[in-house]
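Q: The following block contains the structure, expressed as structure tokens.
Read-outs: derived from the displayed coordinates by stated rules, not from any lab. All figures in this text were calculated on a predicted structure; none of them were measured in a lab. Counting neighbours? That spans all protein chains shown, and the Cβs are built from the backbone with ideal geometry, glycine included.
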Amino acid sequence: MTDNKDIQGEGNYDAGRKFDAEERAFVRSGQVQKKAREAEQALDGPEGEELERARKEADERGATAKP
């Protein structure tokens, strides 16, 4: 019988667990506010236009992928 941890059907369980663990570690690191400020500065800076264009492209791809 296959061990449940090996199931990779609808989602990749291993990748999901890794993402969750890394996200919790980042929150515990206390860097969330610092990174949020850096992102805000990037949006307001010279790369802001390119970042906004990338965001719109990602939104469009996500909208077309939805059922």
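Q: Count, please, the residues in segment 40-53 that happen to be surrounded by 11 or more Cβ atoms within 10 Å (Cβ to Cβ) and part of a helix (DSSP H, G or I).
A: 7
Q: Report yes if some residue within segment 16-27 is in a helix (DSSP H, G or I), surrounded by fewer than 10 Cβ atoms within 10 Å (Cβ to Cβ) and basic (Lys, Arg); otherwise report no.
A: no
Q: Inspect all residues belonging to segment 56-67 and state whether any of them is basic (Lys, Arg) and assigned to a loop (DSSP other than H, G, I, E, B).
A: yes
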